[in-house]
1. Roughly how many percent of the accessible protein surface of the chain is carbon and sulfur, given a 1.4 Å probe and a whole-percent answer?
2. Under the Karplus relation 6.51 cos²θ - 1.76 cosθ + 1.60, θ = phi - 60°, what is the ordered set of whole-Hz ³J(HN,Hα) values for segment 84-101, x standing for Gly and Pro?
3. Give a quick list of GluC sites (Glu not before Pro) in segment 34-93 that DSSP marks as loop, anything other than H, G, I, E or B, with at most 11 other Cβ atoms within 10 Å.
4. Mind listing the phi-derived Karplus ³J(HN,Hα) values for segment 169-179, rounded to whole Hz, using 6.51, -1.76 and 1.60 with θ = phi - 60°, and x for any glycine or proline?
5. Show me the ranking of peptides 201-207, 114-120 by mean Cβ neighbours inside 10 Å, starting with the highest.
6. For all pairs of alpha-carbon atoms in the chain, what percent lies in each bin of width 5 Å, listed from the first bin to the last filled one?
7. Report relative contact order for segment 170-216 in percent, whole number only (criteria: Cα-Cα under 8 Å, sequence separation at least 6).
8. Given 93/197; 68/110; 169/210; 68/177; 31/51, which pairs have Cα atoms separated by over 19 Å?
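The values are calculated or read from the model by the stated rules, or taken from the named source; none is laboratory data. The structure presented is a predicted model; accordingly, all values stated were derived computationally and were not measured. We place every Cβ from the backbone using ideal geometry, glycine too, and count neighbours over all the protein chains shown. Just the protein is used for accessible areas: all its heavy atoms, side chains included, with ligands, DNA and RNA removed. Shrake-Rupley method; radii C 1.70, N 1.55, O 1.52, S 1.80 Å.
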Amino acid sequence: LKKHYYKAKGRNLDPIHDLKKLLPIAKKSKKYGWLAEYDSMALQEGLRHLKKAFDGFFAGRTGFPHFKSRRGEQSSYHCTNVSVGENWIKVPKLSAIKAVIHRPVTGKVKSITLSMDCCGDFFASILFEDGLAAPEPLKEVKENLVTADDMGLDAFFTDSNKVKVYAPKPLKKALKKVRKASRTLSRRQKGSKNREKARLRLARINRRVKRVRQDFL
């Protein structure tokens, strides 16, 4: 709608002041009635993201805004008015979702961001206020507790105490599985269910390599 108005009438609609007013009307229409199935706060958050994207484009910081891909790393859903339990999370317009809460949530829950990775698994990033004061920054550093690290090729790094730490090299260990899964994926017909299964198999292997690296760091 924003692009159409600019091309047809030369008018630049503001996502907050102009498009936000059209959300209640769109929910009652036949073409955009599916918007009523989603949380109203999430729809408004989408308009705020749209405004931020266009502001960055007109300022020359970013390119022209475009729709995000379902499989993209930035594909996510952000909303407020959520609740969290011991093994579940609750977002508006949906029943409780079973979840693995790896860290206790203490305090007031502010918002949640749901995202899906390349393997089809969903993750929830929960923002909450615990009411605790921020830790005081260090004001002095003891010289005898400082160590120097030298990054190397043979060892990941060697510190000033001559302690060497070696990287796990997960890709080298998983290279045989990666090659086999890649060959299987290349033989599958595009758009078929078997190709999607092969893609997920390769994605899980690469995700494991990525996680081993992150855990090591």
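1. 55
2. 10, x, 5, 9, 7, 10, 10, 10, x, 6, 9, 6, 4, 9, 5, 8, 9, 8
3. Counting only loop positions with at most 11 other Cβ atoms within 10 Å, the GluC sites (Glu not before Pro) in segment 34-93 are 73, 86.
4. Running phi through 6.51 cos²θ - 1.76 cosθ + 1.60 with θ = phi - 60° gives 6, x, 5, 5, 6, 9, 4, 5, 5, 5, 5 Hz.
5. For the peptides 201-207, 114-120, the packing ranking is 201-207, 114-120.
6. Each 5 Å bin holds this share of Cα pairs: 1, 5, 8, 10, 11, 11, 13, 13, 12, 7, 4, 3, 2, 0, 0.
7. Answer for segment 170-216 is 47 percent.
8. Long pairs (Cα-Cα over 19 Å): 93/197; 68/110; 68/177; 31/51.
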